[in-house]
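Values quoted throughout were computed directly from the atomic coordinates according to the rules given, and no laboratory measurement underlies them. Being a predicted model, the structure only gives us computed values, none of them experimental. Every residue, glycine among them, receives a Cβ derived from its backbone with ideal geometry; neighbour counts consider all protein chains shown.
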Amino acid sequence: MPNITVALTDTQEKCLEYAAASVQDWADNALHNRARIAQEEIIAALVAHCNDNEIAMAVGVDAQVAQAFELGVVKTGAQRNAEAEAGTAEEKG
């Protein structure tokens with residue numbers, strides 16, 4: 001399981017302490033919720049792809065997310081950014 005560390009300035013920490021009861025809990029909740037949303041999006045894309053192509057879906061959330069990446073149904077944000085940058089460079093070419 002990855003451990004994500006975020007560095008804040010003292011001022012940023014004070015601002016977050018104003019906004020939340022616990023900066024760590026707020027950060028944990030934000031990351032977990034965004035991951036949940038992405039998981040729902042990934043599985044929805046996989047279901048549509050598998051139904052359209054008559055492919056058997058993997059069983060279980062972990063397996064379904066992995067299958068979506070293996071089949072190329074979804075890509076990482078880094079992959080999408082690299083493709084977008086390559087497309088922009090080709091257009092300017």
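Please determine whether any residue of region 8-15 is surrounded by 10 or more Cβ atoms within 10 Å (Cβ to Cβ) and either β-branched (Val, Ile, Thr) or touching a residue at least 60 places away in the same chain (Cβ under 8 Å) (or both). No - not one qualifying residue is present in region 8-15. For region 78-93, the criterion of being touching a helix residue (DSSP H, G or I) at 6+ places or on another chain (Cβ under 8 Å) and hydrophobic (A, V, I, L, M, F, W, C) is met by none of the residues. Residue-level analysis places Ala7 among those that are among the aliphatic types (A, V, I, L, M) and more than 15 Å from the chain's Cα centre (by Cα).
Of all the listed residues (Ala20, Ala68, Ala45), the sole one being within 25 Å of Asn3 (Cβ to Cβ), touching a residue at least 24 places away in the same chain (Cβ under 8 Å), surrounded by 12 or more Cβ atoms within 10 Å (Cβ to Cβ) and among the small types (Gly, Ala, Ser) is Ala68. Restricting attention to region 54-76 and to residues that are within 15 Å of the chain's Cα centre (by Cα), outside any loop (DSSP other than H, G, I, E, B) and not polar (S, T, N, Q), the residue that is nearest to Ala38 (Cα to Cα) turns out to be Val65.
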